[in-house]
Amino acid sequence: MYHARLVGALARASLQKELAYRANLAIGVFHSLLGLATGAAGVWVLFGQVPSVRGWDLPATVALLGVYLIAEALRGLFIGPGLDSLAGLSGDLWTGRLDFTLLRPVNTQFLVSVREWRFLALFDLALGGAVLAYGMSQSGASPSALDIAAFAVALGAGIVVLYAILLAFTALVFWSPGLMLTWVFGGIMQMARYPVALYPGWLRLALTWIVPVGIITTVPAEALTGRLAPGALAGAIALALALLAGATVLFRAGLRRYASASS
């Protein structure tokens with residue numbers, strides 16, 4: 001309950017800060033619609049040339065785009081803001097503001113992960129849900145209760161993978177405080193808006209096991225459309241837990257390396 005109350009207090013503080021700059025609302029909405037338009041344009045251009053690619057047709061790929069938008073929305077809502085604030089020349093590590101975070105009577109990784117919220121991302125979340133629903137309606141498929149349950153579990157595993165990757169990239173900032181390494185991941189994450197099967201073999205391998213953004217979007221979309229291979233869901237869960245454990249170890253190693261601004 002203590003952690004839940006803390007998250008609630010941090011979320012309220014973030015909301016108050018966000019409402020203080022209401023002009024950003026229009027800019028944020030425009031940015032969200034632009035992101036949706038560019039993603040949809042890429043999908044429609046691709047399937048304007050061919051009816052399907054390696055078993056993926058237009059409706060299934062639109063549904064996957066919806067999953068991608070949902071994942072990006074959750075990243076923008078509460079995962080990304082706090083972790084991103086550690087890096088860069090104005091980040092907590094470079095300026096020494098992390099000192100105050102370390103003094104708080106709560107786990108540092110937990111606090112850094114949930115201390116900042118961007119509620120405009122809820123609009124992105126709604127857009128992602130609408131795109132996912134549209135893609136499924138166009139496919140004509142009727143997911144069973146088992147498919148929906150598998151989708152929920154796969155999406156949860158995908159979000160854990162997303163968090164673990166961001167945490168690992170953030171941990172590397174302790175060795176190079178001035179760099180925004182999470183921006184590098186942002187570029188790689190763009191590839192997750194398309195099915196992993198569309199990429200060449202070596203890149204498909206990299207997007208599945210090295211920087212597994214394919215697990216974040218492709219596996220949930222396959223689960224909802226009933227095309228998930230046997231054992232893939234268990235593999236995604238195992239990978240998510242392994243990545244989370246590894247990223248946590250790396251982050252703690254980075255914390256031990258940190259020297260305060262006053263030292």
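Nothing in this text is a laboratory measurement; each read-out follows from the coordinates by a stated rule. Bear in mind the structure is a predicted one, so any value in this text is a computation, not a measurement. Cβ: placed from backbone, ideal geometry, glycine included. Neighbour counts: every protein chain shown.
For the chain, hydrophobic long helices are taken as DSSP H runs at least 20 Å long by C-alpha position along their axis with mean Kyte-Doolittle hydropathy of -1.0 or more; these are 2-19, 23-47, 58-74, 121-139, 145-171, 232-257.
Scattering from region 85-168 was approximated by placing one identical point on each alpha carbon and applying the Debye formula without solvent; log10 I(q)/I(0) at 0.10, 0.13, 0.14, 0.20 1/Å stands at -0.45, -0.66, -0.73, -1.08. Per-residue Cβ neighbour counts within 10 Å put Asp57, Asp124 in the sequence Asp57, Asp124, beginning with the fewest.
Taking the Cα centre as origin and putting +1 on Lys and Arg beta-carbons and -1 on Asp and Glu beta-carbons, what dipole magnitude results for the chain, to the nearest 20 debye? I would put it at about 520 debye. Once the C-beta distance of Val45 and Leu203 is scaled by a Förster radius of 22 Å, the resulting FRET efficiency is 0.65 to the nearest 0.05.
Taking 7 Å steps out from each Cα toward its Cβ at Ala130 and Met1 produces label points 4.0 nm apart. Assuming R0 = 25 Å, what is the FRET efficiency of Leu25 and Arg104, from their Cβ-Cβ distance, to the nearest 0.05? Efficiency, rounded to the nearest 0.05: 0.25. The computed P(r) over Cα pairs in 10 Å bins from 0, in percent for the structure shown corresponds, within [x] 7, 28, 34, 22, 8, 1, 0; [y] 7, 31, 36, 19, 6, 1, 0; [z] 7, 26, 31, 19, 11, 4, 1, 0, to [x].
Highest-first packing order for the peptide set 98-111, 191-204 is 191-204, 98-111, based on the mean count of other beta carbon atoms within 10 Å.
Comparing Val114, Val50, Val211 in a Gaussian network model of the chain, where Cα atoms under 10 Å apart are tied by springs, the biggest mean-square fluctuation is seen for Val50.
Gain on full extension, evaluated as 0.36 nm per residue between Ala9 and Arg227 minus their Cα-Cα distance, stands at 74.3 nm. For the chain, the mean residue ellipticity at 222 nm estimated from helices alone is -22000 deg cm²/dmol, where every DSSP H run of n ≥ 4 contributes -39500 (n - 2.57) and the total is divided by all residues, rounded to the nearest 500. Solvent-free Debye calculation, one equal scatterer per alpha-carbon of region 47-196: log10 I(q)/I(0) at 0.12, 0.18 Å⁻¹ equals -0.60, -1.07.
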